[in-house]
Structures are given as structure tokens and as C-alpha cells.
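Beneath this line is the structure, given in C-alpha cells, with notes to follow.
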């Protein structure tokens, strides 16, 4: 059974640009959640999607958005990138509450 | 507010010895799940052990066990017979049952197993 797949693994962008990250959950999982990991702030919840609907949202500015498709794949988008957006972005997929499997993450560097 | 506190930023243990990582949390909810995740240098978050808050019995997974004290809101992880492959960052976390899969993470404990 394939795990959670995040693409791309590494990304370098310039300030002011936008970026789209992708997460393919484990087959059959309908919940996908996203996290930002930085040395200073640790792991912070961005949002969760379930059956194409945003179920929860963390405390991030509107530049951070996401969506989920009918096949449960999810994308997150960050517009007008700032240096502080440099981070490891992790997604997790879940079949049932209280269970999550994480992808390997996308390392975003903003220069 | 939901918080997780890991008071030990770094720890080390000799190979084959036992080590305990501390975690306290705060929530006013009654139904939740608690987790320990391991993040090795590869950055993949790997589930170590999971505990349902309504269960009084402490969870165990091979060399890993927890000491769950619900009243004290404490959830420590014990690693027995430590192995070199246990070297990693360990995160304590919880989710609230009615909130789906929104994880609240601690700041992590960096564990080094010394040969």
C-alpha cells in the first residue's frame, strides 16, 4: 500500500512569487491536513480537508490556501511568498479520527 | 487553548538502556487522542505510539510504552533497550475527537542514542 506522497520534495522560490504543493493521501483516506514546520515555531497546523471541504483552519494569513479534489488529493498554495515562509511543509492523511500518516514533506526555500 | 509542553529539548541515552521522555498537555476537552511521533533526519514523521484518552490502560508497542496520567495531563514515553536507530526528534501531540485530525504538537525532544 503506497504511503502519503508529497511533491515536489524540494522547492526554491523568490520573494513575491506563489507556490503550489501537492499531497496524495493513502488510498481510501478522505482527510488531509497540512502543517508548517520551522525551527522557530515548530509544527503548526495550517488546515484540514475532508471530502473536498475545509474542516479546520489554523491561524495563518489568507496567503495560505488549500483545496481538495474528488480523489482526495490536496494542494496548498502560498501567494506572495515571504522569506519567513521558508519551511518544511508536511501533509498527513487519515482514514479515521485519531490516526494520521505523514508524508516526507516539501522543503520550501524562499530567497 | 490547547497546548503541549515537552520540557526536555535534548536527551541522550546509552545503547541498550532505558530512557523516558516527558510530555504534559492542556485541554478542556474530554475526548481526545495522544501520540508520540518520531522524526529522524530524513524528516519523515513516524508514529511511535497512540493512546485513546478514554482508555486507562497504557499503550505499548514493542520497546515503546507510555505512562498516561489523565488527571495530571501527563503522557510520557518510555523507550526500553534503546537502539541506535532510535536517534531522532520525538514529538508529543494530541487531537481532539470532535475536531477531526487537527494535531497540536509539542516542541520536540532530540534524543541521541550513544553506542
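The values are calculated or read from the model by the stated rules, or taken from the named source; none is laboratory data. Being a predicted model, the structure only gives us computed values, none of them experimental. With ideal geometry, Cβ positions are generated from the backbone for all residues, glycine too; neighbour counts draw on all protein chains shown.
Kindly state which strands (runs of 3 or more DSSP E) lie completely within the range A:29-103 and contain at least 2 residues that are away from every other protein chain (no Cβ under 14 Å) and free of Cβ contacts under 8 Å to residues at least 60 places away in the same chain.
A:64-68, A:74-78
Quick one: residue A:107 ticks every box in (1) assigned to a strand (DSSP E or B); (2) under 19 Å from residue B:99 (Cβ atoms); (3) within 13 Å of chain B (Cβ to nearest Cβ) bar one, so which box is it?
Against the list (1) assigned to a strand (DSSP E or B); (2) under 19 Å from residue B:99 (Cβ atoms); (3) within 13 Å of chain B (Cβ to nearest Cβ), residue A:107 comes up short only on (2).
Here are some conditions: (1) within 14 Å of chain A (Cβ to nearest Cβ); (2) surrounded by fewer than 17 Cβ atoms within 10 Å (Cβ to Cβ). Residue B:91 meets all but one. Which one does it not meet?
Failed condition: (2).
Could you grab me the full set of residues in the range A:78-100 that are touching a helix residue (DSSP H, G or I) at 6+ places or on another chain (Cβ under 9 Å) and modelled with pLDDT under 95?
Quick first cut of the range A:78-100, residues touching a helix residue (DSSP H, G or I) at 6+ places or on another chain (Cβ under 9 Å) only: A:78, A:97-98.
Result: A:97, A:98.
Report the residue count in the range B:39-50 for those that are facing chain A (nearest Cβ under 9 Å) and either in contact with a helix residue (DSSP H, G or I) (Cβ under 8 Å, 6 or more places away or on another chain) or exposed (fewer than 13 other Cβ atoms within 10 Å of the Cβ) (or both).
Within the range B:39-50, residues that are facing chain A (nearest Cβ under 9 Å) and either in contact with a helix residue (DSSP H, G or I) (Cβ under 8 Å, 6 or more places away or on another chain) or exposed (fewer than 13 other Cβ atoms within 10 Å of the Cβ) (or both) number 1.
Would it be correct to say that residue B:25 is out of contact with any helix residue (DSSP H, G or I) (no Cβ under 8 Å at 6 or more places or on another chain), modelled with pLDDT of 95 or more, surrounded by 19 or more Cβ atoms within 10 Å (Cβ to Cβ) and under 20 Å from residue B:80 (Cα atoms)?
Values: out of contact with any helix residue (DSSP H, G or I) (no Cβ under 8 Å at 6 or more places or on another chain): yes; modelled with pLDDT of 95 or more: yes; surrounded by 19 or more Cβ atoms within 10 Å (Cβ to Cβ): yes; under 20 Å from residue B:80 (Cα atoms): no.
No: the conditions fail for residue B:25.
Can you pull out every residue in the range B:23-38 that is more than 9 Å from every other protein chain (Cβ to nearest Cβ) and closer than 17 Å to residue B:112 by Cα?
B:36, B:38, listed by residue number.
Of the residues that make up the range B:51-63, is at least one touching a residue at least 24 places away in the same chain (Cβ under 8 Å), surrounded by 17 or more Cβ atoms within 10 Å (Cβ to Cβ) and more than 11 Å from chain A (Cβ to nearest Cβ)?
The answer is no; no qualifying residue exists.
Of the residues A:62, A:66, which single one is within 15 Å of the chain's Cα centre (by Cα) and surrounded by 17 or more Cβ atoms within 10 Å (Cβ to Cβ)?
Values: A:62 fails: surrounded by 17 or more Cβ atoms within 10 Å (Cβ to Cβ).
Exactly one residue qualifies, and that residue is A:66.
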